[in-house]
Amino acid sequence: MNSPAKSAITKPPKSKAPPVTYLLATVALLSLLFAFPQIVDSPYTLHMMILIFLSIILGESWNILGGYTGQYSVGHAAYFGTGAYTTMMLMQYAQVPPWLGVWVGVAVAIIVALAIGSICFRLRGPYFVLASIAAAEIIRLTALNVKSFTNGAEGILATDIPPLKLGAILITDFSSKLPFYYTGLILVLLTILMTWLVQHSKLGYCLQAIREDQDAAHSLGINLTLHKNIALIISAAFTSTAGSFYAVYIGFIDPTSVLSLDMSVQIVLICIIGGIGTIFGPVAGAIILVPLSEALRSNMIAQGLFKAGLVGEESSIGIFLKDNLAHSHVLIYGILVVVVILFMPEGVLGFISKFVHGKTRRGVS
Amino acid sequence: MTILELKNVSKFFGGLAANTDISFSLEEGKIIGLIGPNGAGKTTLFNCITGFYPPSQGQILFKKQNITGLQPHQICRLGMARTWQKVRPLVKMSVLDNVMVGALCRTNSLKIAREIAMEQLKVVHIEHKTNMPAGGLPIGERKRLEIARILATNPELLLLDEVMGGLNTSESEEIIQLILETKSRGLTQMVIEHDMKAIMRISDRIVVLNSGEKLAEGTPAEIADNQEVIDAYLGESHA
């Protein structure tokens, strides 16, 4: 009954020139984002924005392999960690500045990706997922145990970042959050552009065909191994860039923070929550997940309940909540994720567009 | 001229012989029917020819080139395309995009692919549903979508696996017209079908498989009179 409406959601008509209003809105949004640090100078807000940027980059990168090609890798921490470790180790042990180290990180991540891909892409469906987890765990355990090389569980602490100079002109010395904000923003725009280019190219058609039905795609002349590996290389390269960015921004990495299964799952969740296989799904996912996890971590829910007067701060329930809610943020986070997956199988973005579309349709008829 | 030649092709799954020592050849521009009871090895043979299963023994020559052991995408690029017994539409992609995926086998330009796709959708008469997701099509149109999709790969040989299965009489008739139309354009076709009336009508030659072996080969009239085929598959009513 509602299949024509569905078609309009899942496949918007081929866009011609974007209408002026869209163009204006985009320009306005972009200038707002670029002016944002001038308007808001709270370091915490900037920190949150940078974390959101990081999540968007990770989500968009994963989306190429998971969302468009349908290869649900739950081992993207491998590429994130590779980027982080390569950049950090070059900076600390060999005094290579990070803006050069990041390229080495990308190169190493591509090599790692090809090694993992050549093994894991022999498998399909859930077996591929398990293999991708195993591959990432191998890298984490290696980083943990080869202490002479990676400093093991102690991790690597960045002492100071060399200033970025163009000739004699000092561009930035990385003493504030500003350079990270702009670097993150530019990386976000690049990954979105990359996703757009992939979606509107022959490559995008081939990847989506593989996602829909591998055998059908194969019979239509699509080289499965080649295209899966291309998707993986693009995905790994951008994930590695995000890893380098994270390492330099936070200034400390260890196997648990950049190579763990938690990290891999986080990356997947950004897309699942926002909407898989769409350009702006990961953006929506990041905007929801980052503040949510931050609010839960800082016990904002208990504080909110106290402020609203729903629960007395000194009552037994209040004390219980104050003591336990912050520790159980992972549990609450998990429940929310389950709820979203159950009730919004196409992600928040899919849910909203369905809702909006349903309304207008009812309005018309 | 021979377009496809099978030389003693066998396929074993462990101890099970799905195809044993099958040899026959296809003339260019003809329609060859492949019939046989369920489990006779018809689809397995298709899978061997199109590269999805490497044959255990034997050789397959396509346009005089040995294609045994090539990957499905390589075989498609050589000009052989297949449909699936159980249709495999790319459900979340639009009807047009489905056919474009086929067309992109020959071109790198989305614009050209879109033109080819529109053309083929007109050939199978579903050009009015271009923007619908392929998952929303009824079975008859899904079958026609599959044909449009492989026609878009610009093949010389089409392998159609039960394209009339599950269709009603008028839908089957449309597919038959489509197959005859494709033949008139000079394309060679190999058709698996259980509808005897249809297969006798469209085929120039028929190959009968039974328990993985080639039971008989000949013109439709010869096959209909063949006592072995009647015993194994057709039954008395067709004789």
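Please give the FRET efficiency for A:His47 paired with A:Phe252, using the beta carbon to beta carbon distance and R0 = 22 Å, rounded to the nearest 0.05.
Numbers: r = 15 Å, r/R0 = 0.68.
Result of the calculation: an efficiency of 0.90.
For B:Leu215, the residues whose amide H sits under 5 Å from its own are B:Val208, B:Leu209, B:Asn210, ignoring neighbours fewer than 5 places away on the same chain, with H placed 1.01 Å from N. For chain B, the longest principal axis of the alpha carbon atoms and the long axis of helix B:169-184 meet at an angle near 90°.
For Cα pairs less than 8 Å apart in space and 6+ apart in sequence, what is the mean separation divided by the residue count of chain A, i.e. the relative contact order in percent?
Working: 482 pairs, mean separation 100.8, N = 365.
About 28 percent, as a whole number.
Put simply, the amide H of B:Met190, placed in the peptide plane, has neighbours under 5 Å in B:Ile32, B:Leu158, B:Leu159, B:Leu160, leaving out anything fewer than 5 places away on its chain. Net charge in the neighbourhood of B:Glu171 (other residues with Cβ under 10 Å of its Cβ; Lys, Arg +1, Asp, Glu -1) is -1. Loop-located GluC sites (Glu not before Pro) across the range B:1-107 with a Cβ neighbour count of 16 or fewer within 10 Å are B:Glu28, with loop assigned by DSSP.
Using Cα-Cα distances under 8 Å and only pairs 6 or more residues apart, what relative contact order does chain B have, in percent?
Relative contact order for chain B comes out at 26 percent.
At most 15 other Cβ atoms within 10 Å plus a DSSP loop assignment makes a site exposed; report the longest stretch of chain A without any exposed GluC sites (Glu not before Pro). Longest site-free region, per DSSP loop and neighbour criteria: A:1-312.
Rounded to the nearest 500, what is chain A's calculated 222 nm mean residue ellipticity when only DSSP H runs of at least 4 contribute -39500 (n - 2.57) each, over all residues? Write down the numbers at each step before the final one.
Values: 18 runs with 266 residues, N = 365.
It lands at -24000 deg cm²/dmol.
Structure remark: mean-square fluctuation, Gaussian network model of chain A, C-alpha springs under 10 Å; the largest value among A:Ala131, A:Ala295, A:Ala231 belongs to A:Ala295. Shielding value for B:92-103 is 5, the average number of Cβ atoms from other chains within 10 Å of each residue's Cβ.
Using the Kirkwood radius over Cα pairs, work out the Stokes-Einstein diffusion coefficient for the range A:42-264 at 25 °C and 0.890 mPa s, in µm²/s as a whole number.
On the way: Rh = 17.9 Å.
Estimated via Stokes-Einstein, D reaches 137 µm²/s.
Comparing B:Phe13, B:Phe62, B:Phe24 in a Gaussian network model of chain B where C-alpha atoms under 10 Å apart are linked, the largest mean-square fluctuation is found at B:Phe13. Put in line by how crowded their Cβ is, counting other Cβ atoms within 10 Å and starting with the fewest, B:Ile223, B:Ile192 read B:Ile192, B:Ile223.
For the range B:88-154, rounded, prolate or oblate, judged on the Cα gyration tensor with a ≥ b ≥ c (square roots of eigenvalues), a/c < 1.5 rounded, else prolate if a/b > b/c? Mind showing how you got there, number by number?
Working: a/c = 1.72, a/b = 1.56, b/c = 1.10.
Verdict is prolate for the range B:88-154.
How large is the translational diffusion coefficient of the range B:49-182 in µm² per second when you combine the Kirkwood radius over alpha carbon pairs with Stokes-Einstein at 10 °C and 1.306 mPa s? Estimated diffusion coefficient is 104 µm²/s. Rounded to the nearest 20 debye, the dipole magnitude of the range B:39-194 is 480 debye, with +1 charges on Lys and Arg beta carbons, -1 on Asp and Glu beta carbons, and the Cα centre as origin.
For the range A:59-133, which chymotrypsin sites (Phe, Trp or Tyr not before Pro) are in a loop by DSSP, counting at most 15 other Cβ atoms within 10 Å?
Values: sites: A:Trp62, A:Tyr68, A:Tyr72, A:Tyr79, A:Phe80, A:Tyr85, A:Tyr93, A:Trp99, A:Trp103, A:Phe121, A:Tyr127, A:Phe128; in loops: A:Tyr72, A:Phe121.
For chymotrypsin sites (Phe, Trp or Tyr not before Pro) across the range A:59-133 that sit outside H, G, I, E and B with at most 15 neighbouring Cβ atoms in 10 Å, the list is empty.
Can you work out the FRET efficiency for the pair A:Thr21 and B:Tyr53, with r the C-beta to C-beta distance and R0 = 56 Å, to the nearest 0.05? Efficiency computed from Cβ-Cβ geometry: 0.55. Relative contact order of the range B:163-239: 18 percent, from C-alpha pairs under 8 Å at least 6 residues apart in sequence.
Note on B:Asn38 and B:Met1: with the Förster distance fixed at 30 Å, the Cβ-Cβ geometry gives a FRET efficiency of about 0.35.
Look at the stretch A:208-218: the mean tally of other chain Cβ atoms within 10 Å of its residues' Cβ atoms is 6. The distance linking the range A:62-140 with the range B:103-175 is 39 Å (Cα centroid to Cα centroid, whole angstrom). Note on A:Ala107 and A:Leu29: their simple-model spin labels are 3.7 nm apart, each label 7 Å out from Cα toward Cβ. Extents of the range A:22-136, largest first, come to 50, 42, 24 Å (Cα atoms, principal axes, whole angstrom). Rounded to whole numbers, the Karplus 3J(HN,Hα) couplings from phi for the range B:40-49 are 6, x, 5, 5, 4, 5, 4, 5, 5, 5 Hz, using 6.51 cos²θ - 1.76 cosθ + 1.60 with θ = phi - 60°, and x at Gly and Pro. Note on A:Leu58, A:Leu226, B:Leu167: ascending count of other Cβ atoms within 10 Å places them as A:Leu226, B:Leu167, A:Leu58, the fewest first. Among B:Arg88, B:Arg149, the order by Cβ neighbours within 10 angstrom, fewest to most, reads B:Arg88, B:Arg149. Averaged over the residues of B:152-161, the number of partner chain Cβ atoms lying within 10 Å of the residue Cβ comes to 1.
The simple spin-label model puts a point 7 Å past each Cα toward its Cβ; for B:Ser184 and A:Ile171 those points are separated by 6.6 nm. Karplus-derived 3J(HN,Hα) values for the range A:306-319, using 6.51 cos²θ - 1.76 cosθ + 1.60 with θ = phi - 60°, are 5, 5, 6, x, 6, 10, x, 5, 9, 5, 5, 5, x, 5 Hz; glycine and proline are entered as x.
If you put +1 on each Lys and Arg Cβ and -1 on each Asp and Glu Cβ, how big is the dipole of the range A:42-264 around its Cα centre, in Debye rounded to 20?
Details: 9 positive and 10 negative charges, 56 e Å.
Computed charge dipole of the range A:42-264: roughly 260 debye.
Taking only the C-alpha atoms of the protein assembly as shown, Rg followed by Dmax gives 29.4, 96 Å. Using a 7 Å offset from the Cα along the Cα-to-Cβ direction at both A:Ile39 and B:Ser211, what is the distance between the two label points in nm, to one decimal? Result for the modelled spin labels: 8.1 nm.
Quick one: length gained pulling B:Glu115 to B:Glu27 fully straight, 0.36 nm per residue minus the C-alpha distance? Mind showing how you got there, number by number?
On the way: separation 88, 0.36 × 88 = 31.68 nm, distance 3.07 nm.
That pair, B:Glu115 and B:Glu27, stretches by 28.6 nm at full extension.
Values quoted throughout were computed directly from the atomic coordinates according to the rules given, and no laboratory measurement underlies them. Note that the structure is a prediction, hence the values are computed from the model and not measured. Note that we place each Cβ from the backbone using ideal geometry, even for glycine, and neighbour counts take in every protein chain shown.
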